[in-house]
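Accompanying notes for the structure given below.
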């Protein structure tokens, strides 16, 4: 049972210090420097955007998987060109961040030449926040689709056992100078499972409509929620979306599926996660300038639409996270005392300096 605790003291950490710290821990656990740079940037990107559930706090669970030989930190993904616009990648049980980064990189290259590029990835691992892959495509001026499957957390609609993953659906499109880009990154559950782990770490309760305990009752206790199941958003709609992620990321790729992906917090065996990535050139049917003008117009129509009672501002998908990033770049990233202690414990294991905190 979870016990009641008082909210913990919070510390602010500079993003550059955090990135360097995470890299050192990764390298200390046998990760090649090139891979450590990719992983650390992806994790800190999540911290900056306010997606703390998929940021640097994942390091202890990832490192435990390395120590238990459930994840091969030194693995190098291999690429197989299937057609001029399709590539399959075998992650060889390495970091999902590395396989997905290389996958999106190749998808972008194919899209530049042929208008689009599609990559399927098997034998991979958790790759954190999907939005970093969308941003990788945006930085290259590309639209994108980013799918992944994940370990069981949701029942299918009408069922009661954990079967489908809380697998994020992500996509993006660039805009012009007058709007923020479109970045969608959402789970098919009412809330991401990582938010429950975060609440558990910080001694906080969760809303009682997020999950059921093992007896099928609603709970605000994160420990009991993790023993039970997450609830899909929109009932059968969320359930269907989670199955869609399994079709495209698991069945299609040759990775694990149908409830057989291993939980990233379980160090007992490889996860065999599957990913599905698509990069698309926005100027296939019009000039890039026209496309961006149309995106700017869409942004304005959305954000300037008439507001319902009690709403002060309407945001474009991904905009709140971008605002959070701008703030945290200046002020630092907040971490609870227990989270800092957990990261410093990993630092002690590989004999690197403790994390610098600003307050």
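The values are calculated or read from the model by the stated rules, or taken from the named source; none is laboratory data. Quantities reported herein were computed from a predicted structural model and do not represent experimental measurements. Cβ: placed from backbone, ideal geometry, glycine included. Neighbour counts: every protein chain shown.
Some points to look at:
- Given (1) under 12 Å from residue 101 (Cα atoms); (2) under 16 Å from the mean Cα position of the chain (by Cα), number of the condition residue 119 does not satisfy: (2)
- With respect to being out of contact with any strand residue (DSSP E or B) (no Cβ under 7 Å at 6 or more places or on another chain) and either buried (at least 18 other Cβ atoms within 10 Å of the Cβ) or at pLDDT below 95 (or both), residue 34 falls outside the description.
- Of the residues making up region 202-227, just one is surrounded by 17 or more Cβ atoms within 10 Å (Cβ to Cβ) and at pLDDT below 85, namely 202.
- Cβ-Cβ contacts under 7 Å between residues 6 or more apart (or on different chains), taken from a first residue in region 88-103 that is on the phi > 0 side of the Ramachandran plot and at pLDDT 95 or above to a second residue that is surrounded by 23 or more Cβ atoms within 10 Å (Cβ to Cβ) and not in a loop (DSSP other than H, G, I, E, B), are listed as 92/123; 93/123.
- Whether a residue is more than 25 Å from the chain's Cα centre (by Cα), surrounded by 12 or more Cβ atoms within 10 Å (Cβ to Cβ) and touching a residue at least 24 places away in the same chain (Cβ under 8 Å) was assessed, and residue 293 passes this test.
- Scope region 301-319; condition loosely packed, with under 13 Cβ neighbours inside 10 Å and within 10 Å of residue 180 (Cα to Cα); matching residues: none
- Within region 146-162, considering residues that are closer than 28 Å to residue 72 by Cβ and surrounded by fewer than 22 Cβ atoms within 10 Å (Cβ to Cβ), the one modelled with the lowest pLDDT: 162
- Any hit, region 229-244, residues being modelled with pLDDT under 95, surrounded by 22 or more Cβ atoms within 10 Å (Cβ to Cβ) and touching a helix residue (DSSP H, G or I) at 6+ places or on another chain (Cβ under 7 Å): yes
- Filter result (within 12 Å of residue 253 (Cβ to Cβ) and touching a helix residue (DSSP H, G or I) at 6+ places or on another chain (Cβ under 9 Å)) within region 87-99: 87, 89, 90, 91
- When the residues of region 157-166 are filtered to those that are part of a loop (DSSP other than H, G, I, E, B) and touching a strand residue (DSSP E or B) at 6+ places or on another chain (Cβ under 6 Å), the one that is farthest from residue 293 (Cα to Cα) is 162.
- Just one residue in the set 141, 128, 117 is in contact with a strand residue (DSSP E or B) (Cβ under 7 Å, 6 or more places away or on another chain) and at pLDDT 95 or above; that residue is 117.
- Selected residue (only one of 355, 284, 349 is modelled with pLDDT of 95 or more and under 25 Å from the mean Cα position of the chain (by Cα)): 355
- Scanning region 304-334 for residues that are more than 18 Å from residue 186 (Cβ to Cβ), in contact with a helix residue (DSSP H, G or I) (Cβ under 8 Å, 6 or more places away or on another chain) and without any contact (Cβ under 8 Å) to a residue 24 or more places away in the chain yields a total of 1.
- Filter result for residue 84 (surrounded by fewer than 18 Cβ atoms within 10 Å (Cβ to Cβ), at pLDDT 95 or above, touching a helix residue (DSSP H, G or I) at 6+ places or on another chain (Cβ under 7 Å) and farther than 21 Å from residue 202 by Cβ): yes
- Filter result for residue 18 (in a helix (DSSP H, G or I), over 20 Å from residue 136 (Cα atoms), in contact with a strand residue (DSSP E or B) (Cβ under 8 Å, 6 or more places away or on another chain) and in contact (Cβ under 8 Å) with a residue 24 or more places away in the chain): yes
- Neighbours by Cβ (under 7 Å, 6+ apart or cross-chain): first from region 218-244, on the phi > 0 side of the Ramachandran plot; second surrounded by 15 or more Cβ atoms within 10 Å (Cβ to Cβ) and modelled with pLDDT under 90: 235/157
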